[in-house]
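**Q** One structure, pasted below without further comment.
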Amino acid sequence: MNNQSYDIVIVGGGLVGNSLALALAESSLRVAVVEATDYAQKTESTDDNRAIGLSYTSQRILQKLGVWSQIEAKAHPIDSVHLSLQGRFGVATISAAEQGLDSLGCNIDIQYLQKILAEKVRLEKHLNLYTPYRVTLCQRVEGQWQLTVSNGVSSQNLHARLVVAADGSDSELRRTVGITAQVWDYQQSALVSRLTFTKPLNSRSYERFTRLGLMAILPAGEYDATSIWCMNKDQAAYWQAADERILLQQLQSVWGYRLGRLQSATPAIQYPLRRIEANELYRDGFILIGNAAQTLHPVAAQGFNLGLRSAMMLAEVLLWSQKMGRDYAESAVLAEYVAKQAQDRKQIARFTHFLVSRFAKENEFFKQWQPLALCGLEWVPGAKFLLARLGLGGAQKALWV
Ligand SMILES: Cc1cc2nc3c(=O)[nH]c(=O)nc-3n(C[C@H](O)[C@H](O)[C@H](O)COP(=O)(O)OP(=O)(O)OC[C@H]3O[C@@H](n4cnc5c(N)ncnc54)[C@H](O)[C@@H]3O)c2cc1C
């Protein structure tokens, strides 16, 4: 069996793992990325139709990673957000102009974002890519990690001083090293579909609190949008199986005619919604990031945005430690990263939980207060500012933006 030694092995070449790899690409550290799926298949499959809302901070980070110009070319800016309630009074608008900003963020096809990051990782001379390779064994041997990676035909052994587990919500590595996680099943799914309207979206995204759950309509072209509709699992299964005509009628009746007539809807794909929080984030020479560390409900569109900020913070701490001649894999350094990132993580988790409990789930008590909450947003000085700042990912000041 082949043996290779690296300073850092990142397991999972998803959005967060690849972003971290790019942040480390210029350093003298020997870095490898292990990704189970073939990149070409991953970015061309039709089984993921999500769009990712990127915050302003994320845009700045992607610029720093050298991929923003390609992403910008296909991104759809969000200049304002319109909030409303189905069948009840209460409307609020948050606009970039009133917050003194150029834009509130943008919306990008997840497959395209994955493709651009993966291509950049592939082109980086200093990064070593193992794909399609799955980590099948991860054990601590004489103060280092030994990973066995296999592509189904052959296996290799990789030795690493530091393993970064960016292997997603159901992280096998998290389990393998014995880190437990708390899981809250919202008993909901997000139903995602691409829609075409007869009126232009004008760079506006919409959040509508419907009787079934929260619906977000995000711009994906002049007349095109991605809709994300959260609802209980049984209803999601029903609407996923419905034919296009019936789905169109249902969407139109819930959505109304604010954007004119709904012309088409692609078949909906369901995403189960869970909140997952790892009980520990690091062990000796081992750290969790991205969805492996925390998985959030998409109501606040913060999962990747938070994961990206974490990846940048981790890179910053590791590189600084290396520069200072410290052992970047030691627990004290990893604890430093966790402490620096704690406030951002806590704030976003709280914000997301607040939105889920008050707006995204069926809750008779909070339903009565939703119209007031929206009016409050219009009337209470500073409320929109706070919401816009959290959405922008601007809570944190760091060296990399
Ligand atoms: C409906 C929906 C809408 C969303 N909208 C937004 C949004 O608007 N904005 C936002 O910021 N976030 C959003 N999110 C969240 C966002 O999609 C995730 O936070 C983000 O994709 C997590 O990236 P990740 O790299 O941590 O994990 P993943 O994307 O899950 O990547 C993990 C990678 O690890 C690989 N892997 C797993 N096991 C192994 C192994 N043993 N060996 C090798 N490789 C392995 C997998 O193949 C995969 O490529 C949304 C989520 C949902 C469900």
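The values are calculated or read from the model by the stated rules, or taken from the named source; none is laboratory data. Predicted, not measured: the structure shown is a model, and the values here were computed from it. No Cβ is skipped: glycine too gets one built from the backbone with ideal geometry, and neighbour counts run over all protein chains shown.
**Q** I need the full set of residues from the stretch 98-119 which are closer than 18 Å to Phe304 by Cα, part of a helix (DSSP H, G or I) and more than 12 Å from the ligand (Cβ to nearest atom), in order please.
**A** Going residue by residue through the stretch 98-119, those that are closer than 18 Å to Phe304 by Cα are 104-118.
This time we only want the ones that are part of a helix (DSSP H, G or I), so: 110-118.
Within the stretch 98-119, Tyr112, Lys115, Ile116 qualify.
**Q** Something else about it: Considering Arg208, Arg204, which residue is touching a Phe, Trp or Tyr at 6+ places or on another chain (Cβ under 8 Å), basic (Lys, Arg), surrounded by 19 or more Cβ atoms within 10 Å (Cβ to Cβ) and in contact (Cβ under 8 Å) with a residue 12 or more places away in the chain?
**A** Criteria check complete, one pass: Arg208.
**Q** Check Leu162 against each of (1) surrounded by 21 or more Cβ atoms within 10 Å (Cβ to Cβ); (2) within 12 Å of the ligand (Cβ to nearest atom); (3) closer than 22 Å to Tyr282 by Cβ and name the one condition it does not meet.
**A** Here Leu162 clears every test but (2).
**Q** Being within 16 Å of the ligand (Cβ to nearest atom), without any contact (Cβ under 8 Å) to a residue 12 or more places away in the chain and farther than 21 Å from Leu306 by Cβ narrows it down to one residue among Val135, Val153; which is it?
**A** Working: Val135 fails: without any contact (Cβ under 8 Å) to a residue 12 or more places away in the chain.
Unique residue meeting the criteria: Val153.
**Q** Restricting the search to the stretch 279-310, which residues are of a type in the set (A, V, I, L, M, F, W, C) and within 12 Å of the ligand (Cβ to nearest atom)? Let's see the steps before the verdict.
**A** Step one: of the stretch 279-310, the residues of a type in the set (A, V, I, L, M, F, W, C) are 281, 286-289, 292-293, 296, 299-301, 304, 306, 308.
Matches in the stretch 279-310: Leu288, Ile289, Ala292, Ala293, Leu296, Val299, Ala300, Ala301, Phe304, Leu306, Leu308.
**Q** If you check Ala23, Ala92, Ala75, Ala32, which single one turns out to be on the phi < 0 side of the Ramachandran plot, over 19 Å from the mean Cα position of the chain (by Cα), at pLDDT 90 or above and crowded, with 16+ Cβ neighbours inside 10 Å? Write out each step before concluding.
**A** Details: Ala23 fails: over 19 Å from the mean Cα position of the chain (by Cα); Ala92 fails: at pLDDT 90 or above; Ala75 fails: over 19 Å from the mean Cα position of the chain (by Cα).
Only one candidate qualifies: Ala32.
**Q** If I filter the stretch 120-137 for residues that are closer than 26 Å to Arg175 by Cβ, under 19 Å from the mean Cα position of the chain (by Cα) and assigned to a helix (DSSP H, G or I), do I get at least one hit? Show your work before the answer.
**A** Of all residues in the stretch 120-137, those closer than 26 Å to Arg175 by Cβ come to 121, 128-137.
Subsequent filtering for residues that are under 19 Å from the mean Cα position of the chain (by Cα) retains 121.
Adding the requirement that they be assigned to a helix (DSSP H, G or I) leaves 121.
Yes, the stretch 120-137 contains a residue that is closer than 26 Å to Arg175 by Cβ, under 19 Å from the mean Cα position of the chain (by Cα) and assigned to a helix (DSSP H, G or I).
**Q** Here's another thing I want to ask about it. Suppose we filter the stretch 48-85 for residues that are under 23 Å from Ile217 (Cα atoms), within 14 Å of the ligand (Cβ to nearest atom) and part of a helix (DSSP H, G or I); how many remain?
**A** Looking only at that region, the number is 5.
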